[in-house]
Amino acid sequence: MSNKLLKVTGIRKSFDIPSGVFGRKKTLKAVNDVSFEIMEGQTFSLVGESGCGKSSTGRLVSRLLTPSDGEIWIDGEEISQKKESQLKKMRQKVQMIFQDPYASLNPRMKVRDIIAEPLLIHTKLSKLEQQRLVSEILKVVGLNESHADRYAHEFSGGQRQRIGIARALIMKPRLIIADEPVSALDVSIQSQILNLLKDLQSEYNITYLFISHDLSVVEHISDYIGVMYLGTIVESGPKDAIFSDPQHPYTKALLSSVPVPDPTFRKERIILKGDLPSPMNPPTGCPFHTRCPVSMEVCKTIEPKVTQVALDNHFVSCHLMSS
Amino acid sequence: MSEKLLQVEQLQTDFTKDKRKIRILHGVNFHINKGEVIGLVGESGCGKSLTSLSIMGLFKGTSGEITGGNIRFNGQDLTSLNVNEMRKMRGKQIAMIFQEPMTSLNPVMKIGEQLMEPIRIHLNLNKKQAKEHAVSMLKKVGIARSDEVINEYPHQLSGGMRQRVMIAMAMSCNPNLLIADEPTTALDVTIQAQILELMKQLQQQENMSILLITHDLGIVAEMCDRVVVMYAGRVVEEADVFDLFEKPKHPYTQGLIGSVPKIGDKRDKLDSIKGNVPDPSDMPIGCKFAPRCTQVMPICLEKEPTSMMLENERLCSCWLYDHERGETHV
Ligand SMILES: Nc1ncnc2c1ncn2[C@@H]1O[C@H](COP(=O)(O)OP(=O)(O)OP(=O)(O)O)[C@@H](O)[C@H]1O
Ligand SMILES: Nc1ncnc2c1ncn2[C@@H]1O[C@H](COP(=O)(O)OP(=O)(O)O)[C@@H](O)[C@H]1O
Ligand code: SF4
Ligand code: SF4
Ligand SMILES: [Mg+2]
Ligand SMILES: [Mg+2]
């Protein structure tokens, strides 16, 4: 039996945005009552359009941000309000991989030292012991010893992402939060990294919180998926349920928008009207009602509740479900 | 019979770096028929954007220079035009849209003024007529509040709206050829779907030709009639879109198509292409793809393959097809 490695319930985060001539503050609800859980060794992906709150959710779980509300349980420990000094253990278990391998690596450090940095912070291993681990990890991510004494700028995008992964792996984390880890890469390199992430998962039983706007990538890598819109998860469930039996009108539109790399395939496309509303001024009622092709009167005023669909663990927030 | 609108022949483009010339495009060949949508694909750095900038003659501020070959548009060689003649061509007959609309929209000029400028120059309309035309173009690209939007500045619009404005501007003088370099890469997928739908509609209405540069093979499959695959500044394969996806010939194309995760595809492992694109200043001899190719043969390391014409008028530069070649092209 696998256990729940991560359980998030009702987390919220708002940002204060100064606005207007009189500097009156406005509040932007970036994450608004988000809940999900991940079993150890599985991948849960958050997918949605830019600004919907995916990265903010990842940063809350990794406690780079502190939620204003809700609970975050990692491996049986509740960490949502803990101070940095109390987060040491959690910081070893949880590592992050970021989108931009160019920006996330220090250009003045040798690869060897970049990868060893977490060891320096979290452990008391000797220099020799550290370097032995670095050599080991380099092999795991498909780099070699000769790469260790070079600087990050001497590497290609895909190689830099491998360095980022090596750095995350060296602490033998239980949970990796990967925020758009392949979005900046060419498809040929993207597939190398996706394959690597999958191999590492089966080898070390790592749990992933995977963040991406690319539905094809998400389908390939996930066990469970949460579809986000304006700070909330509008639908979540097992991968197959989301892709073969989507229930929320937004999920349906999102899926139908993905261009299919097969010219013989002609699908019905749901073209949504208009743009994403500003999260500073979100719609009342259902957050999706301004663009929803099947919106009803009730949707304008009343926020739909989370409803479980027939299938286990498949949840949808839409008035069409609750009626 | 299809009529050729644009013909790029043996195009060579160089940059100068530290007083040394570095060749980026090494004899690029392809053509676009009237009313046809051509996809130009390949990994980052293979020369897609540079091909389009060469066609447009847009090297301003860089050391880029066409050093060989020619580009025929409606029979006229664009490389022989002077700056003024080229400026007339741009905007009127050939228009371009870029990935990031803010690079081509002027941030301190109202949308309406920016739209009216090319309209007045190229279509010889007075101010009032130009304004009417601008508003109608904005309506055409699906901007609802077009009467108000003409008085707004680019920063007041969303990314999707800016891209629509760019398209309106590009289409305003009814060009014969639209070059779109990653026109939706910066947009969300639901907005991308809107923009692609719009481009398709306008293309069909006006029987315009499009050169669509993208790294997204899904977009290629949905939008294009024919596909040109580039690698290391060369065209390595060219084929009808159905043929290309059904049976890619070049090992590079095979690798690219196999790398793409597809919804509903149950593969546990994706294909990938080992290694990286070679540096333009440090190219292997022989086939430029050889260091990454899974089917490399001894000849590949010595001699660069030439473009071979295979069945269905498809072209492929790879020694694997030497025995199949019908006629040698170029
Ligand atoms: N201004 C410049 N000076 C020097 N080299 C350049 C310049 N612009 C582009 N290059 C080089 O020319 C090559 C092709 O660049 P190009 O922009 O055409 O690539 P691309 O295929 O459009 O890639 P991407 O998919 O990343 O947009 C690259 O090696 C690039 O480094
Ligand atoms: N530090 C911050 N200060 C103010 N607003 C922020 C901050 N971080 C994120 N936001 C806003 O919160 C919303 C969600 O952002 P984010 O989580 O980055 O979205 P995603 O990763 O899904 O694109 C956006 O509107 C974004 O502009
Ligand atoms: S609640 Fe109403 S507006 Fe929201 S998704 Fe469902 S039908 Fe559409
Ligand atoms: S010519 Fe040789 S190395 Fe080049 S793609 Fe063909 S088989 Fe591979
Ligand atoms: Mg993000
Ligand atoms: Mg480019």
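Miscellaneous remarks
- Scanning region A:215-263 for residues that are within 11 Å of chain B (Cβ to nearest Cβ), out of contact with any strand residue (DSSP E or B) (no Cβ under 8 Å at 6 or more places or on another chain), of a type outside the set (A, V, I, L, M) and in contact (Cβ under 8 Å) with a residue 40 or more places away in the chain yields A:Ser216, A:Tyr229.
- Residues in region B:10-48 that are charged (D, E, K, R) and either surrounded by fewer than 17 Cβ atoms within 10 Å (Cβ to Cβ) or farther than 19 Å from B:Ala239 by Cβ (or both): B:Asp14, B:Lys17, B:Asp18, B:Lys19, B:Arg20, B:Lys21, B:Arg23, B:Lys34.
- Candidates B:Ile191, B:Ile150, filtered to the one that is within 14 Å of chain A (Cβ to nearest Cβ) and touching an Asp or Glu at 6+ places or on another chain (Cβ under 9 Å): B:Ile191
- All positions within region B:150-166 that are at pLDDT below 90, open to solvent by less than 60 Å² (accessible area, probe 1.4 Å) and not basic (Lys, Arg): B:Leu157, B:Ser158, B:Gly159, B:Gly160, B:Met161, B:Gln163
- Considering A:Leu175, A:Leu119, A:Leu138, A:Leu128, the condition of being more than 16 Å from ligand 6 (Cβ to nearest atom) and open to solvent by 10 Å² or more (accessible area, probe 1.4 Å) is satisfied by A:Leu128 alone.
- Flag for A:Pro287 being closer than 30 Å to B:Val37 by Cβ, surrounded by 18 or more Cβ atoms within 10 Å (Cβ to Cβ) and touching a Gly at 6+ places or on another chain (Cβ under 9 Å): no
- The residues of region B:211-239 that are more than 9 Å from chain A (Cβ to nearest Cβ) and not β-branched (Val, Ile, Thr), listed by number, are B:Leu211, B:Leu212, B:Asp225, B:Arg226, B:Met230, B:Tyr231, B:Ala232, B:Gly233, B:Arg234, B:Glu237, B:Glu238, B:Ala239.
- If you check A:Gly158, A:Gly164 for being closer than 24 Å to B:Thr253 by Cα and part of a helix (DSSP H, G or I), only one passes: A:Gly158.
- Of residues in region B:215-264 being at positive phi and at pLDDT 95 or above, the one farthest from the chain's Cα centre (by Cα): B:Ala232
- Pair list, Cβ under 8 Å, 6 or more apart: region B:233-255 residue in contact (Cβ under 8 Å) with a residue 24 or more places away in the chain and more than 23 Å from B:Gly45 (Cα to Cα), other residue more than 16 Å from ligand 2 (Cβ to nearest atom) and among the charged types (D, E, K, R): B:Asp240/B:Asp225; B:Asp240/B:Arg226; B:Asp240/B:Glu313; B:Asp240/B:Arg314; B:Asp243/B:Arg314
- You will find that of B:Leu196, B:Leu187, B:Leu202, B:Leu211, the residue that is assigned to a strand (DSSP E or B) and under 30 Å from B:Ile121 (Cβ atoms) is B:Leu211 and no other.
- Considering A:Glu49, A:Glu71, A:Glu37, the condition of being within 16 Å of ligand 3 (Cβ to nearest atom) and either farther than 25 Å from A:Arg174 by Cα or assigned to a strand (DSSP E or B) (or both) is satisfied by A:Glu49 alone.
- Subset of region B:23-48 that is within 14 Å of chain A (Cβ to nearest Cβ), outside any loop (DSSP other than H, G, I, E, B) and closer than 26 Å to B:Asn276 by Cβ - its residue that is nearest to ligand 6 (Cβ to nearest atom): B:Lys48
- Residue satisfying condition, being within 29 Å of A:Lys88 (Cβ to Cβ) and open to solvent by 10 Å² or more (accessible area, probe 1.4 Å), within set A:Tyr204, A:Tyr208: A:Tyr204
- Any hit, region B:129-140, residues being at negative phi and assigned to a loop (DSSP other than H, G, I, E, B): no
- Looking across region B:240-252 at every residue that is within 11 Å of chain A (Cβ to nearest Cβ) and over 20 Å from B:Pro280 (Cβ atoms), the one that is most open to solvent (accessible area, probe 1.4 Å) is identified as B:Glu246.
- Near pairs, Cβ below 7 angstrom, 6+ apart or cross-chain, from region A:264-276 (more than 8 Å from chain B (Cβ to nearest Cβ)) to any residue that is of a type in the set (Gly, Ala, Ser): A:Lys267/A:Ser256; A:Glu268/A:Ser256; A:Ile270/A:Ala253; A:Ile270/A:Ser256
- Extreme residue, most open to solvent (accessible area, probe 1.4 Å), among residues of region A:98-116 that are more than 16 Å from ligand 2 (Cβ to nearest atom) and assigned to a loop (DSSP other than H, G, I, E, B): A:Arg108
- Any hit, region A:23-34, residues being in contact with an Asp or Glu (Cβ under 8 Å, 6 or more places away or on another chain), under 30 Å from A:Lys198 (Cα atoms) and hydroxyl-bearing (Ser, Thr, Tyr): no
The values are calculated or read from the model by the stated rules, or taken from the named source; none is laboratory data. The structure displayed is predicted, hence computed values, not measured ones. A quick note on method: Cβ atoms are made from the backbone with ideal geometry, for glycine too, and the neighbour counts reach across all protein chains shown. Quick note on the areas: whole protein, heavy atoms, side chains included, nothing else; ligands and nucleic acids left out. Shrake-Rupley method; radii C 1.70, N 1.55, O 1.52, S 1.80 Å.
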